[in-house]
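Only one structure is covered here, and it is reproduced in the block below.
The values are calculated or read from the model by the stated rules, or taken from the named source; none is laboratory data. Quick caveat, the model's predicted, so the values are computed rather than measured. Methodologically, a virtual Cβ is constructed for each residue, glycine included, from the backbone with ideal geometry; neighbour enumeration extends over all protein chains shown.
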Ligand SMILES: Nc1ncnc2c1ncn2[C@@H]1O[C@H](COP(=O)(O)OP(=O)(O)OP(=O)(O)O)[C@@H](O)[C@H]1O
Ligand SMILES: [Mg+2]
């Protein structure tokens, strides 16, 4: 159980986050959407222990988060691989607490799982953007974190790669059941993956609405009910297009 309790954040007087309250069940997938600057990354960084809240606390299984923790894995928008280490060594880096002899086989298995077994020994510069992001996901998952925090993990990727990695993330979730909190600009992505979608708004950053997406997975991206939720969320964000044009069915 992950509890975000009345968390707020100010940066030199600027209220980036108002008061955020959110309780996430173990194994739940929560998608966070909201316009730029509404505090999504700040919230995720606080949950990951990379930033301290100005007030409130984050409690993971009864323990207050006071810094980065090995049971919490992080994936950022850009892969952040160390260029002087091979892809495998980058993944092994997340296994510093494991006995030395276990690191290599675990890293190789994690890379095989994201389809990168063949490039384990190359340097990150030889990878495409999608491959590098898969390596970052392997690094975040190799220690089998109980909580996975993802900040726009696929936003720099083309649609095909993105769909593939979304499926991959769901595969991992099916076997390991990590609690996942992920930020995305893509409402459809949030709806396809999440048990719950949280809509944030800015000034100050706050939770504006929440939706429980109780559809079985895998969910077709074209599912009509997802479209209805999407329209609702676009309205929440003042992004729904209002038009006087006639309905296309009647236009001809
Ligand atoms: N270290 C910092 N110092 C000062 N202000 C900051 C800092 N980090 C974030 N902010 C401000 O806090 C607000 C929220 O930023 P944050 O990065 O969390 O937004 P976001 O929702 O992730 O936006 P985006 O979708 O563009 O990534 C923004 O107004 C930003 O300028
Ligand atoms: Mg952000």
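Structure summary
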read-out: Set 155, 86: member being within 16 Å of ligand 2 (Cβ to nearest atom) and more than 18 Å from residue 71 (Cβ to Cβ); value: 155
read-out: Strands (runs of 3 or more DSSP E) within the range 1-86 that include 2 or more residues surrounded by fewer than 22 Cβ atoms within 10 Å (Cβ to Cβ); value: 2-11, 14-24, 55-60
read-out: Filter result for residue 196 (modelled with pLDDT of 90 or more and surrounded by 17 or more Cβ atoms within 10 Å (Cβ to Cβ)); value: yes
read-out: Residues within the range 210-221 that are in a loop (DSSP other than H, G, I, E, B) and closer than 13 Å to residue 187 by Cα, tallied; value: 2
read-out: Selection within the range 173-188 - touching a helix residue (DSSP H, G or I) at 6+ places or on another chain (Cβ under 9 Å), away from ligand 1 (no atom under 16 Å from the Cβ) and assigned to a helix (DSSP H, G or I); value: 173, 176, 188
read-out: Only listed residue being touching a residue at least 60 places away in the same chain (Cβ under 8 Å), assigned by TED's automatic domain parsing to the domain that holds residue 209, closer than 29 Å to residue 209 by Cα and assigned to a helix (DSSP H, G or I), chosen from 170, 150, 165, 191; value: 191
read-out: Residue count, the range 25-45 (criterion: more than 12 Å from ligand 2 (Cβ to nearest atom) and within 14 Å of the chain's Cα centre (by Cα)); value: 5
